[in-house]
Structures are given as C-alpha cells and as structure tokens.
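Structure, as structure tokens:
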Amino acid sequence: MERKKIGVLGAGTMGTEIALCFAMYGYETVLGDINRKLADKGKSRQAAILDRQIAEGTLQARQKEEILSCVTTTGNLADMADCDLIVEAILEILEVKTNVYRQMDVICKPETVIASATSSLSITKLASAVGPERAFIGMRFNAPASAMKLVEVVPGLQTQEQTVTAVLELLRAVGKEPVRVKDVVGFALNRMFHAFYLEACRLVEEGGCSVEDVDKICLYGLGHPMGVFQLIDQTGHDLNLYMDQRLFEAYGDRFRPSPQLQRLRDAGRLGKKSGMGFYQYGR
C-alpha cells in the first residue's frame with residue numbers, strides 16, 4: 001500500500017495512539033469522534049505522548065510539530081470520505097460499531113478499506129454490516145499502540161487476499177510487526193495473555209505468592225517490562241473481566257473469571273483509572 005490517507009474513528013486511548021502510529025511516519029491522518037471537542041482532546045493526548053518521548057530522549061523536540069501537523073481532527077464522519085483506510089476504535093458494542101460501518105459504507109469511496117480494532121468481536125460478523133464489495137478486516141493493535149510493535153491482522157470470511165497483503169505492507173511501513181490470525185474469539189494475544197494472568201491470579205488466591213512477588217517474577221525472571229498485575233491494573237478490571245467472560249463462554253474452565261478480579265470490580269477498584277486496583281495510584 002503506497003502512502004495513503006488514514007482515518008481513525010474514535011479518539012479514546014486506543015484510537016489516539018493508533019492515529020499517532022501513522023502520523024509519526026508522515027501519513028496524513030484524520031482523527032474523528034462524535035464531536036470535534038473529543039477529537040481535539042485526543043490530539044492533546046498525542047502531544048502529551050510525544051512530550052514524554054522527548055523527555056526520554058527517544059524523540060527530538062522539532063519532530064513533535066511535524067508529527068502533529070499530520071493529524072487533523074473532526075466530529076464529522078464525512079471528513080473521512082476520501083481516506084484510503086479507516087480504522088474504527090470505538091465502543092466495544094456490536095450495535096454501535098455496525099451502525100457506524102453502515103454509514104461509512106455509504107459515505108466512503110468504493111476503494112476505502114474499513115478496519116476494526118475490536119478486541120473481542122467477530123470480524124466476519126462485523127463485516128456483514130457493509131456491502132459485499134467493501135474491503136473489511138480486523139486490525140488489533142497492542143496497547144500502548146504508539147509504542148508496541150505487535151498488530152494482529154484478522155481477515156473475515158469474505159476478506160480478499162489483496163486486502164490482507166496491502167494491510168500487512170502498510171503496517172510494516174509504519175514500523176509494526178503484524179501477525180496474521182484467524183477470526184476466533186480472543187484472536188491470539190488475548191487468549192495467550194489471559195491464560196497467563198488468570199494463572200497468576202490463581203497463584204495469589206491460593207496463597208502461593210504475593211501480588212508484588214508475582215510482579216517481580218515477571219520483571220526479573222521472565223524479562224517482562226512490567227509486572228502482570230501492574231499491567232492489568234492499567235487495562236482496567238471491568239475490561240479484563242469482560243474479555244475473561246467472552247473467553248470462558250468460548251473455551252470453558254481454563255478461562256473461568258478470577259473471583260479476586262470480580263471482588264475488585266464490585267468494590268469499584270478498577271485499576272489505575274479508578275485510583276486503585278491491585279495497587280494504589282495517585283489521582
């Protein structure tokens with residue numbers, strides 16, 4: 001895929017980071033949400049991410065404005081009509097997503113590729129909301145998307161091979177390491193990661209190890225950049241349990257949701273976003 005115009009719909013944490021992935025490589029990028037104010041807020045988060053990179057010495061100060069100049073914001077879906085690829089990163093609710101896809105299918109030019117960044121919904125089912133001629137594919141970024149290289153590329157039942165090839169080439173062009181995954185519940189990363197952290201939860205629940213020591217094992221034994229409980233605190237336990245339930249329904253007891261996580265959620269201790277999860281955070 002040659003240098004194209006990219007649209008990202010959804011200016012939350014994931015959408016903001018996905019848009020930044022393309023802008024950092026000079027792609028003209030439109031970041032959209034239900035209104036311009038929310039989209040502008042997303043661009044402000046991009047500026048903060050770049051400021052952190054400057055402070056860490058991984059980005060030069062002059063590059064910040066160059067990158068941000070590639071991003072325009074909008075609250076109007078029609079402003080994405082001429083995009084070559086639109087990545088949808090909105091609420092993980094089937095009806096909300098499919099309603100947006102129907103609008104995009106009408107508004108966008110015929111050759112626009114629509115990609116969903118869903119973490120749990122069937123790509124084939126999502127694609128049924130658009131016409132049979134519309135190119136549609138799953139493109140699941142790993143959080144934080146601007147820093148993590150992995151992207152799961154998930155073809156649906158009717159995704160053409162040329163669409164898969166074009167998306168793989170584009171992702172490599174922006175420094176990503178894409179992997180092709182079948183359209184199964186949880187794709188690959190979530191299945192592997194949730195199996196890992198659920199075992200860590202069981203280890204703590206059984207009194208075999210403390211939360212802090214499990215995280216030390218991750219850091220100093222497995223070479224992970226952060227502990228597993230630190231990581232799921234960042235994700236949010238409402239979202240963790242949502243995915244656990246999806247995996248449990250699909251694959252059975254190996255993904256049975258953790259009682260410990262359920263107690264934290266019921267107590268409103270959702271992780272970093274609520275100020276407390278397994279750890280306490282300043283708010």
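Just so it is clear, none of the values below were taken in a lab; they were calculated from the coordinates. All figures in this text were calculated on a predicted structure; none of them were measured in a lab. Neighbour counts run over all protein chains shown; Cβ positions are idealised from the backbone, glycine included.
Report, in debye and to the nearest 20, how large the dipole of the chain comes out about its Cα centre when Lys and Arg carry +1 and Asp and Glu carry -1 on their Cβ.
300
What ranking do Ser128, Ser274 get, fewest neighbouring Cβ atoms within 10 angstrom at the top?
Numbers: Ser128 15, Ser274 18.
Ordered from fewest to most neighbouring Cβ atoms within 10 Å, Ser128, Ser274 come out as Ser128, Ser274.
Just to confirm a number: summing +1 for Lys and Arg and -1 for Asp and Glu over residues other than Gly32 whose beta-carbon lies under 14 angstrom from that of Gly32, what do you get?
Its environment carries a net charge of -1.
Work out the length of the dipole vector of region 31-160 about its Cα centre, built from +1 on the beta-carbon of each Lys and Arg and -1 on the beta-carbon of each Asp and Glu, and round it to the nearest 20 debye.
Using Cβ point charges on Lys, Arg, Asp and Glu, region 31-160 gives about 280 debye.
So which of Lys43/Lys64; Lys4/Lys182; Lys125/Lys182; Lys43/Lys273; Lys97/Lys125; Lys216/Lys273 end up more than 18 Å apart by C-alpha?
Listed pairs above 18 Å: Lys4/Lys182; Lys43/Lys273; Lys216/Lys273.
For Gly42, what is the net charge nearby, where nearby means another residue's Cβ is under 13 Å from its Cβ and Lys, Arg count +1, Asp, Glu -1?
On the way: positive: Arg36, Lys37, Lys41, Lys43, Arg45; negative: Glu17, Asp33, Asp40.
Result for the local shell: +2.
Quick one: Arg269, Arg180, fewest Cβ neighbours within 10 Å first, how do they rank?
Sorted ascending by nearby Cβ count, the order is Arg180, Arg269.
What are the aspartates and glutamates whose alpha-carbon lies under 19 Å from the alpha-carbon of Lys176, with same-chain residues fewer than 8 places away excluded?
Qualifying aspartates and glutamates at Cα under 19 Å: Glu2, Glu17, Glu28, Asp84, Glu88, Glu152.
Going toward the positive end of the dipole of region 189-274, with +1 on Lys and Arg Cβ and -1 on Asp and Glu Cβ, which of Phe196, Leu247, Leu261 do you reach last?
My answer, from the dipole projection, is Leu247.
Dipole of the chain (Lys/Arg Cβ +1, Asp/Glu Cβ -1, origin at the Cα centre): which of Val8, Leu50, Gly221 lies farthest to the positive side?
Final value for the positive-end residue is Leu50.
To make sure I understand the rule: partners must be aspartates and glutamates, Cα under 12 Å from the Cα of Lys41, and not fewer than 8 residues away in the same chain. Which ones qualify?
Lys41 reaches Asp33.
Taking the 0 to 90 degree range and rounding to the nearest ten, how far is the long axis of helix 237-251 tilted relative to the main principal axis of the chain, both from C-alpha atoms?
For helix 237-251, the angle is close to 90 degrees.
As I understand it, the value is the acute angle between the Cα axis of helix 13-23 and the longest principal axis of the Cα atoms of the chain; what does it come to in degrees, rounded to 10?
50
I want the local charge near Leu150. Using Cβ-Cβ distances under 15 Å, sum +1 for each Lys or Arg and -1 for each Asp or Glu among the other residues. Write down the numbers at each step before the final one.
Working: positive: Arg140, Lys149, Arg172, Lys176, Arg180, Arg191; negative: Glu17, Glu152, Glu177.
Neighbour charge sum, excluding Leu150 itself: +3.
Most exposed first by the Cβ proxy, i.e. fewest other Cβ within 10 Å, how do Met226, Met148, Met243 rank?
In increasing order of surrounding Cβ atoms, one gets Met226, Met148, Met243.
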